[in-house]
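Everything below concerns the one structure shown next.
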Amino acid sequence: MAMKKFVCSVCGYTHEGDAAPDVCPICDAPASAFTEVKSEKKGWIHNPNSNTYIIIYSVVMVVIVAALLAVTSLSLQDRQAENELQEKKSNILQSLGYSPVENPAEFDQMLADFDNQVKSYVVDANGAKTETPVKDVLKMLATNQDIRDNYDAKNLALFQAEDGRVVIPLVGMGLWGDIWGYIALDKDMNTVTGIVMAHKGETPGLGAEIATPKYQAKFVGKKLFKDGEFVSVTLRKGGAKDLEHEVDAISGGTKTSDGVTNMLRDCLSAYLPYFTSQRQAVAQPALVVEEVVSEDMSNQQNVEESHE
């Protein structure tokens, strides 16, 4: 058992033992003049002002906070993914002309029934399409880089409404960063019926105008083909001249306008094999009808001549 230490407050004499002496052997001070010396605990853990204590405490707190953030992030991951899917579905529906503002009830119903109302496909380099679950196709569009990678690999996402219109994802570069969106085409694969665009950081009041419904409405009715040749849709500085294939560029937003022009041309041209096959399929029945009508008229003429 460790001996206790007692110090005389009069002369400073130190006594070791279980208790203070009755009288100080040096100055004859009584036992009441002695004070027990408490042994100090040594080590950084008992000294919160030491550098070691501060560093270790900080590290432990950082680890705890990081762990809590990681757990929170993981717990919200599924919800965040679902929100991103809903946002993409919402943009696709808006490109098809459904408005969450003008008719919120109809929009919410379409959004809830999206997987049954809209078919999704993956189109290859030859224009052949393979029906694929909506969720899988939307995953191809998780980030703008994913969209670019799939364009490069000729794995092209395509959505088709019940009325035959199709929606194609878009991605490009504006003045300050990425621009992206969805464009809807009529079943003739030529006429624009709607477009939704967004941006990362275009200038408010200038390039950022591409994200406004008022500007996006200018694209409705524009044509992708001219005399059978793909020309896309161009944003022309100074005002559109070819009203079927051009849109007024944004005043003061030339770089953003050029970015939209390039985005439309580059993305839509990747679907040319598909457009061609679909346009031919639409044209074929018309040719057949024309041939049948012509044959009927010829037969009628022969009958009339035989009667004469």
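Since every read-out is calculated from the coordinates, none of them should be taken as a lab result. Keep in mind it's a predicted model, so treat the numbers as computed, not measured. No Cβ is skipped: glycine too gets one built from the backbone with ideal geometry, and neighbour counts run over all protein chains shown.
Once the gyration tensor of the Cα atoms in the range 1-160 is diagonalised, the equivalent ellipsoid follows with semi-axes of 83, 18, 11 Å, ordered largest first.
The phi torsions of the range 82-90, fed into the Karplus equation with coefficients 6.51, -1.76 and 1.60 and a -60° offset, translate into couplings of 5, 5, 5, 5, 5, 5, 5, 4, 4 Hz, rounded to whole numbers, with Gly and Pro shown as x. Projecting label points 7 angstrom from Cα along Cα→Cβ for Lys214 and Ala198 puts them 2.2 nm apart. Converting phi to 3J(HN,Hα) with the Karplus coefficients 6.51, -1.76 and 1.60 and the offset θ = phi - 60°, the range 240-256 yields 5, 10, 8, 5, 7, 10, 10, 10, 4, 5, 6, 5, x, x, 4, 5, 5 Hz in sequence order, with x at every glycine or proline.
A Förster radius of 41 Å combined with the Cβ-Cβ distance from Lys237 to Leu69 puts the calculated FRET efficiency at roughly 0.30. For Thr193, the amide hydrogen comes within under 5 Å of the amide hydrogens of Ala184, Leu185, Asp186, Gly221, counting only partners 5 or more places away or on other chains and with H modelled in the peptide plane.
Antiparallel beta bridges, as assigned by DSSP with both residues in the chain, represent about 95 percent of the total such bridges.
Counted residue by residue at 0.36 nm each, then reduced by the alpha carbon distance between them, the extension gain from Asp248 to Arg265 reaches 4.5 nm. Full extension of the chain between Ala142 and Asn116 yields a length gain of 7.3 nm, computed as 0.36 nm times the residue separation minus the alpha carbon distance. Taking a quarter of the surface of the Cα convex hull of the chain gives a mean projected area of 33.5 nm².
Maximal additional length on extending the Glu162-Asn49 stretch stands at 33.5 nm, based on 0.36 nm per residue less the C-alpha distance. Listed values for the range 202-218 are Karplus-derived 3J(HN,Hα) couplings in whole Hz (6.51 cos²θ - 1.76 cosθ + 1.60, θ = phi - 60°), namely 6, 5, x, x, 10, x, 5, 5, 4, 8, 8, x, 4, 6, 4, 5, 5, and x replaces Gly and Pro.
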